[in-house]
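Down below is the structure, laid out as structure tokens.
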């Protein structure tokens, strides 16, 4: 221990949340889940969002989008962990798996709804050369909070 | 280089118009401890970081903060998109309305405009990483305060997510500081500036 400087203990690889719980909590690491008491006093939103969706297409869209958000969030949190723990093999193995799954769901989303990135567009055009689908012309903007 | 992905990091779907809430959470867009400030802080500091890995961490966290900024803006937008002039008057949102209608503009809850005066890039790795630890705590306090005041669960869920991220980022900056310390003079961490006196690093 040294005087006159901050010390933060380095995190050890530990128990993880599954991807559903991770996105809900804001971290995949159980040890870093440190909620605020006043945040727990109001009951969390019921699953009203899913229930309020009308058409099967809206439901499917919102499920697929949520799956992308969950997988991508685990990727985001693992990436920061690896930035400070580059030699953690378990984290790296998990990241490799997540990246593979992410690529797959992103490409399924592009075929079914629309591409989310330029790279998804490239892949889509490779699969379907006659596709006229461009990023911004289909679907609402992400900040609209609506589905399809 | 950055690549945009057409989605939010965490879903935001607010169905009830509430200009009062918008006026409070806009602070996390353009306020002193907001996400815009956070992103610009990390993306400015990274160039002169002596450790490549710490520069990488600043890039990744600075990028995630852009996604948080987008979430906050989406919340402000959804809280005000069906706003009537009467609602704006009742909620005290009328002054903002006069200047910006319902456009999204970076300001604090107190209406102070976004300014670079509120964050630092000091050119000293120990100083900057210590600043970042404090910055993450300040942002967490803002989210705590918002969670005490706001009752709509559709607004609270994304706020809880954003609060949790501040704690994770604090941990990572702490670990980055530990990595930086390993390269310094262990008898006196302040013997030289690791960004300016790079040759003196271990």
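The values are calculated or read from the model by the stated rules, or taken from the named source; none is laboratory data. It should be emphasised that the depicted structure is a prediction, and the values quoted were computed from it without experimental measurement. Backbone-built Cβ (ideal geometry, glycine too); neighbour counts: all protein chains shown.
Put simply, of B:32, B:50, B:106, B:19 the only residue that is under 30 Å from residue B:197 (Cα atoms) and away from chain A (no Cβ under 14 Å) is B:50. If the condition is being exposed (fewer than 14 other Cβ atoms within 10 Å of the Cβ) and within 13 Å of chain B (Cβ to nearest Cβ), then segment A:103-145 contributes A:118, A:122, A:134, A:136, A:137, A:138, A:140, A:141. Segment A:1-106 holds helices (runs of 4 or more DSSP H) entirely within its bounds, and those carrying 2 or more residues that are out of contact with any strand residue (DSSP E or B) (no Cβ under 6 Å at 6 or more places or on another chain) and modelled with pLDDT of 95 or more map to A:19-25, A:56-84. Filtered by the rule that a residue be within 20 Å of residue B:66 (Cα to Cα) and surrounded by fewer than 20 Cβ atoms within 10 Å (Cβ to Cβ), segment B:139-155 gives a lone residue, B:141. Of the listed requirements (1) buried (at least 18 other Cβ atoms within 10 Å of the Cβ); (2) more than 8 Å from chain A (Cβ to nearest Cβ); (3) more than 13 Å from the chain's Cα centre (by Cα), residue B:160 misses just one: (2).
Within segment A:1-33, restricting attention to residues that are exposed (fewer than 14 other Cβ atoms within 10 Å of the Cβ) and under 20 Å from the mean Cα position of the chain (by Cα), the residue that is nearest to the other protein chains (Cβ to nearest Cβ) is A:31.
Name the residue that is nearest to the other protein chains (Cβ to nearest Cβ), counting only residues in segment A:82-102 that are in contact with a helix residue (DSSP H, G or I) (Cβ under 9 Å, 6 or more places away or on another chain) and under 30 Å from residue A:137 (Cβ atoms).
A:102
Based on this model, can you work out whether residue B:12 counts as assigned to a loop (DSSP other than H, G, I, E, B), at the interface with another protein chain (Cβ under 9 Å from one of its Cβ atoms), crowded, with 19+ Cβ neighbours inside 10 Å and touching a helix residue (DSSP H, G or I) at 6+ places or on another chain (Cβ under 7 Å)?
Yes.
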